[in-house]
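K.L.:
Take a look at the following structure, please.
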There are 2 protein chains.
Amino acid sequence: MPHHGALLTDLYELTMAAGYQRFKPETQGTFELFVRALPKQRGYLVLAGIEQALDYITSFRFKPEELDYLRQQPIFSRVEPEFFDYLAEMRFTGDVWAMQEGTIFFPGEPVLQVQAPLAEAQILETYLLSMITFQSMVATKASRVVMAARKRPVVDFGSRRAHGPEAALLAARASYIGGVQATSNVLAGKTFEMPITGTCAHSWVQSFDTEEEAFRAFNDVFPDHSILLIDTYDTLEGARLAIRTGKNVKGVRIDSGDLSRLAKKVRQILDSEGRPDIQIVASSDLDEYKIDDMVREGAPIDMFGVGTEMVTSADAPSLGAVYKLVQTESAEGVRLKIKLSRNKVTYPGRKQVVRRYGTSGTLYQDVIGCAEEAPGRDGRALLEKVVENGELTRPHPELSAVRSYADKEIATVPDRLRKLRGSQEYQVVYSALLEQRLREERRRSHHERDPQD
Amino acid sequence: MPHHGALLTDLYELTMAAGYQRFKPETQGTFELFVRALPKQRGYLVLAGIEQALDYITSFRFKPEELDYLRQQPIFSRVEPEFFDYLAEMRFTGDVWAMQEGTIFFPGEPVLQVQAPLAEAQILETYLLSMITFQSMVATKASRVVMAARKRPVVDFGSRRAHGPEAALLAARASYIGGVQATSNVLAGKTFEMPITGTCAHSWVQSFDTEEEAFRAFNDVFPDHSILLIDTYDTLEGARLAIRTGKNVKGVRIDSGDLSRLAKKVRQILDSEGRPDIQIVASSDLDEYKIDDMVREGAPIDMFGVGTEMVTSADAPSLGAVYKLVQTESAEGVRLKIKLSRNKVTYPGRKQVVRRYGTSGTLYQDVIGCAEEAPGRDGRALLEKVVENGELTRPHPELSAVRSYADKEIATVPDRLRKLRGSQEYQVVYSALLEQRLREERRRSHHERDPQD
């Protein structure tokens, strides 16, 4: 997938980069990307967007006309011209650690760490945050929708309601990682090699003088794949008509009304006419809560098409992630960095997240420790080096492999964290060494200046 | 701005296109894009995204490798090969009418109409909906934030929390139309020729051993544009330090804590130290409600940086827009199309929206009528032909002109529709002729089949 280049960043990343280059061009910084808090109703998060993030890191460039644009900005009028020559040659030269895409993660846990000269690491902030938080938010939402559907397939119909066309593409990918079976977005299918699916719309039915003509025509063009939209006029009549118009009809779709009630009546009609093979697809502003209700009511729906609510994560449309400087390294040595303010502590230094599992294989406890701490006999270290000296350490996994891995990860989430509403909190603790370092840095900071209240 | 090409569409648009080409290649369809209902708390909507929509319409293409991809999909296995040759040559040949970007609009009102051979018009649906609804949603949200700030400038800091990098770009553009002064997104500045702005982040301050070093360094690199972030350690100490470190400091930014209270104290410090010229910028999860509260409390804030809430339109993150077939034309004549279901009536035929103003110049009433009805002496017709036979009828207006026009449009919104909460409903009525046509079509439809209850 093409990206937008190095200029897709906040202006302050570039002003800071200019400052770093003047005052500390040799200093390396380590930044960590993590989520501050779970959005409401969520008991866990599913990581997505790492592939696009790493592609961006290893390939962003400033184009000559972009540098001309920057040179013309008044704010840069007093910056030395060498800075723009530096940007022209800028390549990412650092190291990156990340959790695998599809990993279950929690607030406070770094999912991506960037260690590089300060300017390089800084300008990545905007892109990394928007890419990783958006895809993770959608993958998480999708996993909830898929759970609610209990084994019934869910497909992504959300492109038209996404936040622009690229968001539609990324949401298709992220919802696939979260467990949906396919997307309606054709470019997503081609770009990410994921299954595509589709039926027909009311406009198809309306473009013919009668519903019968419309159904017969669709069956004729797609004899092996005909799923007919039956609610343009009268859903139950539509179901009867669908049976009459084709032996090869695979399914019917209901897109309005009381889906549970209509699905039951349509199922009766199909079965009584000897067509138990015809599947029922339901769509219409669905989310995990509505699907959960329908499944509990025993609605005979074989597939759910989910759109708006999933691709915008409508009940939690943003994820409060940050990208924080935790350490610098220069000729003067390593300096650990903390930020202290009420409810917002950033722990110092580069970290590792170690996960332990209970006897049933479900999540037991995560420990956020210092990067150099050993994970211990039964601990699984979640962060791995994925970029070294500006190069990927290995090819990206196939998206289908990411999805399978995510499926296994989601299976490790205990029931108490899976509740659609009122989920419990998972135990994430800090290692003794990390707590000690925080105390030391806090003391040092108190000596220098009182921290923010 | 580059777009994603013709494959960024829902699969069913292409299956329907294949069907249209087989059964009615000569039939023209007219589709109208409109919003079904106002999102909560909104009394009006601001139109945005038309430029990108029209660029897409007049330039979308299928690439050879995209057609190869389609040919390989099982669903197209029984579609005649001529269909893919048709797609390879497909260019938009039809006409488009639209409201100007920046226009105030309401539910039920078509903002864009596409009249073209059915296949051409159909496949545009997904892209047009995602582009126009997203930008309109953000422009609307921005206009509310700007109103709440009463003349104090608002700037867009939201890129990192947008739904991916392209959504960040589009949100910057849309929020500018809605009235913000500038964006932090550099690529948006270059692409859309809009002002950019930025300060510095906590990482800048933390990368130095002391806050004082960090402030002096920033003042040194940006002597004419230094806005210092003063809340890394202690906001009030930060304010005193900012004064000490530079005569040229332009402003200070507060990004945490009780912004109202802190702004008052910081203002006192700045004024008592003889620096009434230093401006106070506030940011930190702001939205129109919080800004309204702060302005009412008399917080001495000179500029608001708004991010997440604006670029995701967080309290209403989607807009229920549809793209409906309202008319077909073929050798057999014109057929009007309606869709009848409970609460969801689509009126037949291509329409015009005529606006009337009260004596004070504010909105009085909109009438949705048939396209051929005369607007009347005091009526303003909002829909204009913008594409004819596949070509733009005129160049796009400059974005600054769109913003000025939107500003004038927003000025026509009466107070009762501007309330941040509990806004009243605006009067949108249908013309007598259009109501009559609906009755006729309803009768005709009843003869053929009972409409959906």
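K.L.:
Only one residue in B:SER284, B:SER272 is among the small types (Gly, Ala, Ser), out of contact with any helix residue (DSSP H, G or I) (no Cβ under 6 Å at 6 or more places or on another chain), surrounded by fewer than 20 Cβ atoms within 10 Å (Cβ to Cβ) and within 13 Å of chain A (Cβ to nearest Cβ), so which one is that?
P.N.:
Sole residue among the options that is among the small types (Gly, Ala, Ser), out of contact with any helix residue (DSSP H, G or I) (no Cβ under 6 Å at 6 or more places or on another chain), surrounded by fewer than 20 Cβ atoms within 10 Å (Cβ to Cβ) and within 13 Å of chain A (Cβ to nearest Cβ): B:SER284.
K.L.:
In the stretch A:308-356, what count of residues is obtained for those that are closer than 27 Å to A:MET137 by Cβ and assigned to a strand (DSSP E or B)?
P.N.:
Matching residues across the stretch A:308-356 total 17.
K.L.:
Evaluate the following for A:GLU65: is it among the acidic types (Asp, Glu) and in contact with a helix residue (DSSP H, G or I) (Cβ under 9 Å, 6 or more places away or on another chain)?
P.N.:
Judged against the criteria, A:GLU65 is a match.
K.L.:
Return the pairs, sorted by first residue and then second, in which the second residue is assigned to a strand (DSSP E or B) and basic (Lys, Arg), the first residue lies in the stretch A:315-329 and is under 12 Å from A:LYS339 (Cβ atoms), the beta carbons are less than 8 Å apart, and the residues are 6+ apart or on different chains.
P.N.:
A:LYS324/A:LYS339; A:VAL326/A:LYS351
K.L.:
May I pose another question? Somewhere in the stretch B:24-40, is a residue within 12 Å of chain A (Cβ to nearest Cβ), over 23 Å from B:GLY108 (Cα atoms) and touching a His at 6+ places or on another chain (Cβ under 8 Å)?
P.N.:
No, there is no match, as no residue in the stretch B:24-40 is within 12 Å of chain A (Cβ to nearest Cβ), over 23 Å from B:GLY108 (Cα atoms) and touching a His at 6+ places or on another chain (Cβ under 8 Å).
K.L.:
Please indicate, with yes or no, whether at least one residue in the stretch B:206-219 is buried (at least 19 other Cβ atoms within 10 Å of the Cβ), in contact with a Lys or Arg (Cβ under 6 Å, 6 or more places away or on another chain), within 11 Å of chain A (Cβ to nearest Cβ) and of a type outside the set (D, E, K, R).
P.N.:
Yes, the stretch B:206-219 has at least one match.
K.L.:
Write out, first by first residue and then by second, each pair whose Cβ atoms fall under 7 Å of each other, whose residues are 6+ apart or on separate chains, and whose first residue, in the stretch B:376-396, is of a type in the set (Gly, Ala, Ser) while the second is part of a loop (DSSP other than H, G, I, E, B) and at pLDDT 95 or above.
P.N.:
B:GLY390/B:ARG91; B:GLY390/B:PHE92; B:GLY390/B:THR93; B:GLY390/B:GLY94
K.L.:
Given A:ARG240, A:ARG261, which one is of a type in the set (Lys, Arg), within 13 Å of chain B (Cβ to nearest Cβ) and out of contact with any helix residue (DSSP H, G or I) (no Cβ under 9 Å at 6 or more places or on another chain)?
P.N.:
A:ARG261
K.L.:
Which condition does B:GLN115 not pass, out of (1) surrounded by fewer than 21 Cβ atoms within 10 Å (Cβ to Cβ); (2) polar (S, T, N, Q); (3) in contact with a Phe, Trp or Tyr (Cβ under 9 Å, 6 or more places away or on another chain), if it passes all the others?
P.N.:
Every listed condition holds for B:GLN115 apart from (1).
K.L.:
Might you let me know whether the stretch A:191-201 holds any residue that is crowded, with 23+ Cβ neighbours inside 10 Å, assigned to a strand (DSSP E or B) and within 11 Å of chain B (Cβ to nearest Cβ)?
P.N.:
Of the residues in the stretch A:191-201, the ones crowded, with 23+ Cβ neighbours inside 10 Å are A:196-201.
Add one more test, that the residue is assigned to a strand (DSSP E or B), and what stays is A:196.
After this cut, where a residue has to be within 11 Å of chain B (Cβ to nearest Cβ) as well, the list is A:196.
Looking for residues that are crowded, with 23+ Cβ neighbours inside 10 Å, assigned to a strand (DSSP E or B) and within 11 Å of chain B (Cβ to nearest Cβ), one finds at least one in the stretch A:191-201, hence yes.
K.L.:
Determine if the stretch A:129-151 includes at least one residue that is within 26 Å of B:ASP55 (Cα to Cα) and buried (at least 23 other Cβ atoms within 10 Å of the Cβ).
P.N.:
Yes, the stretch A:129-151 contains at least one residue that is within 26 Å of B:ASP55 (Cα to Cα) and buried (at least 23 other Cβ atoms within 10 Å of the Cβ).
K.L.:
Return the only residue of A:VAL345, A:VAL353, A:VAL306 being crowded, with 16+ Cβ neighbours inside 10 Å and either more than 30 Å from A:LYS250 (Cα to Cα) or at the interface with another protein chain (Cβ under 10 Å from one of its Cβ atoms) (or both).
P.N.:
Unique residue meeting the criteria: A:VAL353.
Residues are listed down the side, and each one gets a yes or a no for (1) part of a helix (DSSP H, G or I); (2) free of Cβ contacts under 8 Å to residues at least 12 places away in the same chain; (3) surrounded by 19 or more Cβ atoms within 10 Å (Cβ to Cβ):
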{"site": "B:PHE34", "(1), (2), (3)": "no, no, yes"}
{"site": "B:LEU38", "(1), (2), (3)": "no, no, yes"}
{"site": "B:ARG42", "(1), (2), (3)": "no, no, yes"}
{"site": "B:LEU54", "(1), (2), (3)": "yes, no, yes"}
{"site": "B:GLU65", "(1), (2), (3)": "yes, yes, no"}
{"site": "B:PHE92", "(1), (2), (3)": "no, no, yes"}
{"site": "B:GLU101", "(1), (2), (3)": "no, no, yes"}
{"site": "B:ALA119", "(1), (2), (3)": "yes, no, yes"}
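K.L.:
Does any residue of the stretch B:84-97 turn out to be in contact with a strand residue (DSSP E or B) (Cβ under 7 Å, 6 or more places away or on another chain), among the aliphatic types (A, V, I, L, M) and away from chain A (no Cβ under 12 Å)?
P.N.:
There is at least one residue in the stretch B:84-97 that is in contact with a strand residue (DSSP E or B) (Cβ under 7 Å, 6 or more places away or on another chain), among the aliphatic types (A, V, I, L, M) and away from chain A (no Cβ under 12 Å).
K.L.:
Got a sec? Which of B:ARG350, B:ARG355, B:ARG253 is without any contact (Cβ under 8 Å) to a residue 40 or more places away in the chain and of a type in the set (Lys, Arg)? Working first, answer last.
P.N.:
On the way: B:ARG350 fails: without any contact (Cβ under 8 Å) to a residue 40 or more places away in the chain; B:ARG253 fails: without any contact (Cβ under 8 Å) to a residue 40 or more places away in the chain.
B:ARG355 is the lone residue from the list that is without any contact (Cβ under 8 Å) to a residue 40 or more places away in the chain and of a type in the set (Lys, Arg).
K.L.:
May I pose another question? Out of (1) over 23 Å from B:LEU11 (Cα atoms); (2) more than 12 Å from chain B (Cβ to nearest Cβ), the odd one out for A:ILE301 is which?
P.N.:
(1)
K.L.:
While we're here: Report, ordered by the first and then the second residue, all pairs with beta carbons closer than 8 Å, sequence separation of six or more or different chains, a first member in the stretch B:415-431 that is closer than 12 Å to B:TYR44 by Cβ, and a second member that is β-branched (Val, Ile, Thr).
P.N.:
Once the first residue is closer than 12 Å to B:TYR44 by Cβ and sits in the stretch B:415-431, its partners that are β-branched (Val, Ile, Thr) give B:VAL428/B:VAL367; B:VAL428/B:ILE368.
K.L.:
Suppose we filter the stretch B:124-179 for residues that are of a type in the set (Lys, Arg) and either at positive phi or in a loop (DSSP other than H, G, I, E, B) (or both); how many remain?
P.N.:
Here the count works out to 3.
K.L.:
Still on this structure, please answer the following. List every residue pair whose Cβ atoms sit under 7 Å apart, with the two residues 6 or more apart in sequence or on different chains, where the first one lies in the stretch A:78-89 and is surrounded by 13 or more Cβ atoms within 10 Å (Cβ to Cβ) and the second, anywhere, is among the polar types (S, T, N, Q) and not in a loop (DSSP other than H, G, I, E, B).
P.N.:
Short answer, once both residue conditions are applied: A:PHE83/A:GLN21; A:TYR86/A:GLN21.
K.L.:
Out of all the residues in the stretch B:287-303, which are closer than 30 Å to B:PRO223 by Cβ and surrounded by fewer than 23 Cβ atoms within 10 Å (Cβ to Cβ)? Spell out the reasoning first.
P.N.:
Taking the stretch B:287-303 and keeping what is closer than 30 Å to B:PRO223 by Cβ, we get B:299-303.
The answer is B:ALA299, B:PRO300, B:ASP302, B:MET303.
K.L.:
Something else: Condition (residue is under 29 Å from B:GLN28 (Cβ atoms), buried (at least 17 other Cβ atoms within 10 Å of the Cβ) and more than 14 Å from chain A (Cβ to nearest Cβ)) applied to the stretch B:406-424: is it met by at least one residue?
P.N.:
Within the stretch B:406-424 (the criterion being under 29 Å from B:GLN28 (Cβ atoms), buried (at least 17 other Cβ atoms within 10 Å of the Cβ) and more than 14 Å from chain A (Cβ to nearest Cβ)), the answer is no, since none of the residues qualifies.
The values are calculated or read from the model by the stated rules, or taken from the named source; none is laboratory data. Source: prediction; values computed, not measured. Ideal geometry is used to build each Cβ from the backbone, glycine not excepted, and the neighbour counts take in all protein chains shown.
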